[in-house]
């Protein structure tokens, strides 16, 4: 018969919770206790049961986190935190990426993962609201990122309109008037870019400035190369005195283009990014950015997966504007 | 009865391979064909069988990629490529991170993943060779990164000694003589840092220069903050004319410290990094770096997992020095 958690606890003379803490790799277990529990685990041949108790109808103890690109720093940082927080809840996270491919995302909505996991956290890129509505899979699903209108499932996002207004207000407050944006996106399920654009426009208008279409630059993807290219195109029509980029990666690419054109940040052009990835903390100059609370996003998404409440909710995670040296 | 791959192929009038390509999300399927196959999949209610055929004794079609930190850009980029290449082989990759925690890594060697996956790709951080030798788990394991001496399992790495010699040679060839290194590491299973230090010393000596202990700077981790701190400490004792950093993250942190001290890169101090992460391609100035072939590392590691040959092999992936603007 296999040893149970309780057997290990009894053998080591600690609580079941302490054994669980050791098994789940929590950091805050005293080294002595950890050693004693580990010795008992080894002696009894205990193998942690991967099936979690935190999800209803849990079968595998696995959840999937599906993002467009795991090598995008924002998603990498969000994934790292999701894995850590899920571990603390006894869940194993299978991270997968779609490359933003429409068919791969569509397959996901129709049960490609259904046999394997107890729930899916999904950050969509290519699918549209209609694709979500046509979903046939029944495994619990929580969307990451903003979503327009009523959705059939819970989604977790920050208030992108408010965040974009704060970023724009900050640029206006530092005297900038020709403020461009980089990162306008086509219509898909993920509405973050649209809401950031809306927030930017609202704040300009509240200040008495009319939005200028030429200053709203679209990108195909959110890579540094897209930000670089969009910045060069922007400079070919006019030199703005500030650019609000919808991701830090776009901002870092834009900063590279400005450096190549001999323009100084922030003296000639101020830059605000979005995401607060580590790169921006160490760029020269360090990047002012909107910082979504990634721990809260991960935690709220895991809560939503466990609760699977009806009707579907729009769950808002906190954010803050972090002012550094580019503004 | 569940529809099989063959049923879908017959229904759509295509080969089984084409259906498999669509199911696995490969990019190079004609849109018309993809649509037709998808229609057949939907009509027949076919669900792809996740159990792969590429691993012996495959049960789950899952493999684990275990890295210290998924939000380290090198590991994020390696993970993204591993997922893509594995998908093409019909394998699903479960990405996990240990936070470089000794106990978590030790648990891994003793079967924490054993029930779940068909194989493990493991980039160790904290465990030592003795811990690997004491491994009790029997699931196929391939190590990523360099390993000293004979190992009980296959490992895939680049030739770190040769790569470090090339980086050092490049700095010598551009006239630098006071070349420091940042990234010296304690003794663990992962020997990459030791081999990079060895290569640096060998090249200095081949050039007739004696290594200077004060110029060999240790770090606790490989984050930008560690590179930043190490660079400040280096500058407190002397100003080197070049620094070879054992990762790009260390290099980007070091560049930040140089900027704060008013030193110019590369005029005052040349910098070479290691890993070729995207950040370094867009930093100002763009970072010269050793570029490991991450696609090859992922591909060779998956090959090794599938082959599980005896005796264990040391598998070398290619690398190249990419010269950019910091040297």
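Quick note: the coordinates plus some simple rules give every number you see, no bench work behind them. What you are looking at is a predicted structure, and each value in this text was computed from that prediction instead of being measured. Using ideal geometry, Cβ is built from the backbone for each residue, glycine included, and neighbour counts are taken over all protein chains shown.
Measuring from a point 7 Å out along Cα→Cβ, what nm distances, shortest first, does residue B:13 have to its partners in the other copies?
7.7
Using a Gaussian network model of chain A with C-alpha springs under 10 Å, which one of A:36, A:81, A:256 is most mobile by mean-square fluctuation?
Most flexible of the set in this elastic network: A:36.
Just need the Rg to Rh number for the protein assembly as shown, please, alpha carbons only, Kirkwood Rh.
Values: Rg = 25.6 Å, Rh = 26.3 Å.
Computed over Cα atoms, the ratio is 0.97.
Can you list the distances in nanometres, one decimal and ascending, from the residue A:236 label point to the identical position in each other copy, with the point 7 Å along Cα to Cβ?
5.0
So how far, in whole Å, is the C-alpha centre of the range A:158-226 from the one of the range B:152-187?
44 Å
Using 1/(1 + (r/R0)^6) with R0 = 45 angstrom and r between the beta carbons of residue B:138 and residue A:169, what's the FRET efficiency to the nearest 0.05?
Efficiency at R0 = 45 Å is approximately 0.15.
What number, rounded to the nearest 500 deg cm²/dmol, is the helix-based mean residue ellipticity at 222 nm of chain B, given -39500 (n - 2.57) per DSSP H run of at least four residues and division by all its residues? Mind dumping the intermediate values first?
On the way: 12 runs with 134 residues, N = 327.
It comes out at -12500 deg cm²/dmol, rounded to the nearest 500.
What nm value, rounded to one decimal, do you get for the distance between residue A:220 and residue B:260 when each label is placed 7 Å out toward the C-beta?
A separation of 3.9 nm, rounded to one decimal place.
Report the extension gain between residue A:232 and residue A:6 in nm, rounded to one decimal, defined as 0.36 nm multiplied by the number of residues separating them, less their alpha carbon distance. The partial results should precede the final answer.
On the way: separation 226, 0.36 × 226 = 81.36 nm, distance 6.34 nm.
Net length gain for the segment: 75.0 nm.
Evaluate the Kirkwood expression for the hydrodynamic radius of the range A:160-292, namely the inverse of the mean inverse distance over all pairs of different C-alpha atoms, and round to one decimal in Å.
Roughly 14.2 Å, rounded to one decimal.
Counting DSSP beta bridges with both partners in the protein assembly as shown, what percentage is antiparallel, nearest 5?
Here the antiparallel bridges make up roughly 10 percent for the protein assembly as shown.
Taking beta carbons within 10 Å but only from partner chains, what does the mean come to for residues A:102-110?
4
List the residues of the range A:192-229 whose backbone N lies under 18 Å from a point placed 7 Å from the Cα of residue A:239 along the Cα-to-Cβ direction.
A:215
Return a whole-number percent for the relative contact order of chain A, with Cα pairs under 8 Å and 6 or more residues apart as the contact set.
That works out to 15 percent.
Of A:249, A:296, A:38, which is the most mobile in a GNM of chain A whose springs link Cα atoms less than 10 angstrom apart?
Between A:249, A:296, A:38, it is A:38 that shows the largest mean-square fluctuation.
For residue A:88 and residue A:130 in one chain, what is 0.36 nm times their gap in residues minus the Cα-Cα distance, to one decimal in nm? Don't skip to the end; give the middle numbers.
Values: separation 42, 0.36 × 42 = 15.12 nm, distance 3.53 nm.
Result for the pair: 11.6 nm of gain on full extension.
Distances from residue B:44 to the same position in the other copies: list them in nm, one decimal, shortest first, using label points 7 Å from Cα along Cα→Cβ.
4.9
How much length is gained on full extension from residue A:15 to residue A:286, taking 0.36 nm per residue of separation minus their Cα-Cα distance?
92.9 nm
Roughly what angle does helix A:294-307 make with the longest principal axis of chain A, taking Cα atoms, 0 to 90 degrees, to the nearest 10?
Helix A:294-307 and the main axis of chain A meet at about 50 degrees.
Averaged across the residues of A:71-77, what count of C-beta atoms belonging to other chains lies within 10 Å of each residue's C-beta?
Working: counts 14, 3, 6, 1, 4, 10, 4.
Whole-number average of other-chain Cβ neighbours for A:71-77 is 6.
Could you check which residue among B:161, B:117, B:29 shows the biggest mean-square fluctuation in a GNM of chain B with a 10 Å Cα cutoff?
In the Gaussian network model the winner is B:29.
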